[in-house]
1. Count the net charge of all other residues whose Cβ sits under 9 Å from the Cβ of residue 253, scoring Lys and Arg as +1 and Asp and Glu as -1.
2. Accessible area of segment 84-136 with a 1.4 Å probe: how many percent of it is carbon plus sulfur?
3. Would you list 99, 267 from the most to the least accessible area, probe 1.4 Å?
4. What number comes out for accessible area per residue over segment 239-301 if the probe is 1.4 Å? Units Å², please.
5. With the cut-off at 1.5 for a/c, could you classify segment 82-121 from its C-alpha gyration tensor as rounded, prolate or oblate?
6. How big, in percent, is the set of alpha carbon pairs in segment 266-339 lying more than 20 Å apart?
7. For a quick check of your reading of the filter: which trypsin sites (Lys or Arg not before Pro) in segment 232-314 sit in a DSSP loop and have no more than 11 other Cβ atoms within 10 Å?
8. Work through the residues other than residue 54 whose Cβ is under 13 Å from its Cβ and net out their charges, Lys, Arg +1 and Asp, Glu -1.
Amino acid sequence: MAATAIERMSQNNTFLSKRKEDAENKDNLWSSILAEVQNSGNNKLPSNKNVLVLGDNESGKTTLIAKLQGVEDPKKGSGLEFAYIDVRDDYRDDHTRLSVWVLDGDPGHANLLRFALNAERFPHTLVILVAAMTTPWAILDQLQAWAALLGDHIDKLPLDNDVRQQCRQLNIKKWQEYTEPGDELDPGSPLRRTSRNLDDETAEGLPLPEGVLTTNLGLDVVVVITKTDYMSTLEKEHDYKDEHFDFMQQWIRRFCLQYGAGLFYTSAKEDKNCDLLYKYLTHRIYSLPFRTPALVVEKDAVLIPAGWDNMKKISILHENLQSMKPDDYYRDIIAQPATNRKSVTREFEIQAEEEQAFLARQQAALTGLKDPTRSPTARNQVASPNKKLDPKGAGGTPSGEGVLANFFNSLLSKKTGASPGAPGSPSSVGTSPVKIDSMVSDGSAVDKAAVRNDAVAELDRITRSKKIPQPDLNSSSEC
């Protein structure tokens with residue numbers, strides 16, 4: 001019996017240990033599933049990324065964003081516009097929305113930047129600086145002005161110094177780690193950057209090339225030159241040559257080096273580089289693939305990813321500059337035409353007048369046209385200057401018509417020196433000459449200057465109230 005009891009206890013222990021093992025395996029299975037879900041969740045596209053678009057009015061910001069959205073009819077706003085771009089990762093079958101903030105081109109709206117770019121959004125924001133080829137003389141000034149405004153705003157943000165330095169170091173690392181598409185698969189490629197064969201710490205310690213990231217904002221920056229289809233118009237109407245476009249490009253590329261920015265020449269009208277810009281943005285923000293190399297052959301479709309360019313490559317453009325030097329002042333070479341010096345004024349919304357106020361104003365105007373003090377006889381007399389006018393009003397005193405009568409009679413009397421029968425002479429119109437000094441009104445002599453002044457005042461009043469045509473005084477003596 002003792003042996004049987006021991007066997008039973010052994011079997012129970014085996015059973016319990018097996019159940020414990022199964023439970024542990026089940027826990028491990030759930031742990032592995034949770035870990036897998038968590039890891040897959042970390043690989044999803046983040047939803048807190050932002051793009052901030054800066055540029056002057058009429059630079060094409062709204063049209064550019066609409067093109068990236070796939071919208072045909074862009075709607076312009078004012079102040080600070082908000083939109084979003086749908087982003088899809090086909091490889092992982094994932095999608096998200098990229099928030100886009102578009103600031104008004106008036107620098108007076110710079111205070112609205114605090115809503116689009118604050119300390120929380122700073123590490124997750126990419127900036128697009130936009131300028132248009134329709135005003136090539138202003139491109140460099142506009143880019144520098146907006147970059148300076150952005151820098152001032154960033155300096156005022158309550159950013160932790162560690163966060164600020166990390167963002168700047170990330171900018172440097174991205175520049176140094178740029179690889180030509182295809183070279184990442186070939187470690188022995190002669191075009192492969194030296195830093196690729198080194199560890200990350202050594203790569204970060206390498207000095208940057210000349211002129212690169214001398215102004216490090218800590219933000220990813222892309223410069224977009226829009227409306228490049230206008231280059232053909234500049235050639236035809238303003239006699240631009242290839243060297244002018246090369247001169248502009250080398251200055252813009254030097255600006256991009258300063259801020260560590262990528263450069264895109266785009267045309268929404270001809271759909272140039274817009275799709276590539278979308279892919280480049282998703283590459284910089286979400287690390288999605290971008291396999292397009294730098295394009296510098298076509299002058300209206302330039303594409304230079306951040307990290308590709310340097311002063312040596314820019315100097316190739318200097319060989320085409322014949323009538324100018326690379327360091328010439330930009331506006332001395334790309335001068336603004338005299339016909340375009342008038343600043344472009346933006347159309348502002350016009351508020352409609354309140355309906356009741358409009359009707360009341362029209363009623364007052366109609367009332368003035370129906371003034372009962374103006375008799376039809378008087379109006380006929382004014383319109384028929386060939387008739388001798390009665391200088392007295394109904395009550396024996398000069399009325400408004402009496403003043404005009406005195407004036408017109410004085411005009412008739414001025415022709416007393418004309419020969420009989422001649423046009424304009426008193427005899428030709430059947431009236432007797434009257435001297436202006438002998439004109440009487442209510443028994444008193446009328447001063448010639450006073451008559452003229454009163455007549456001018458009365459004519460002005462009639463013109464304002466009735467809007468009737470003034471009589472042709474030169475035909476007063478004709479039949």
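1. Values: positive: 254, 313; negative: 309.
With Lys, Arg at +1 and Asp, Glu at -1, the neighbours total +1.
2. On the way: 1180 of 2440 Å².
Result for segment 84-136: 48 percent of the exposed heavy-atom area is carbon or sulfur.
3. 99, 267
4. Values: 2590 Å² over 63 residues.
For segment 239-301, the solvent-accessible area averages 41 Å² per residue.
5. Working: a/c = 5.54, a/b = 2.52, b/c = 2.20.
Since a/c reaches 1.5 and a/b is larger than b/c, the shape of segment 82-121 is classed as prolate.
6. Working: 1381 of 2701 pairs.
Within segment 266-339, distances greater than 20 Å cover 51 percent of Cα pairs.
7. Working: sites: 236, 241, 253, 254, 269, 272, 279, 284, 291, 299, 312, 313; in loops: 241, 269, 291, 299.
Filter output for segment 232-314: 291.
8. Values: positive: 61; negative: 56, 81, 104, 106, 152.
Cβ neighbours under 13 Å give a net charge of -4.
The values are calculated or read from the model by the stated rules, or taken from the named source; none is laboratory data. If you're wondering where the values come from, they're calculated on a predicted model, not measured in any experiment. When we count neighbours, we look across all protein chains shown, and the Cβ atoms used for this are built from the backbone with ideal geometry, even at glycine. Surface areas here come from the heavy atoms of the whole protein model, side chains and all, with no ligands, DNA or RNA. Shrake-Rupley method; radii C 1.70, N 1.55, O 1.52, S 1.80 Å.
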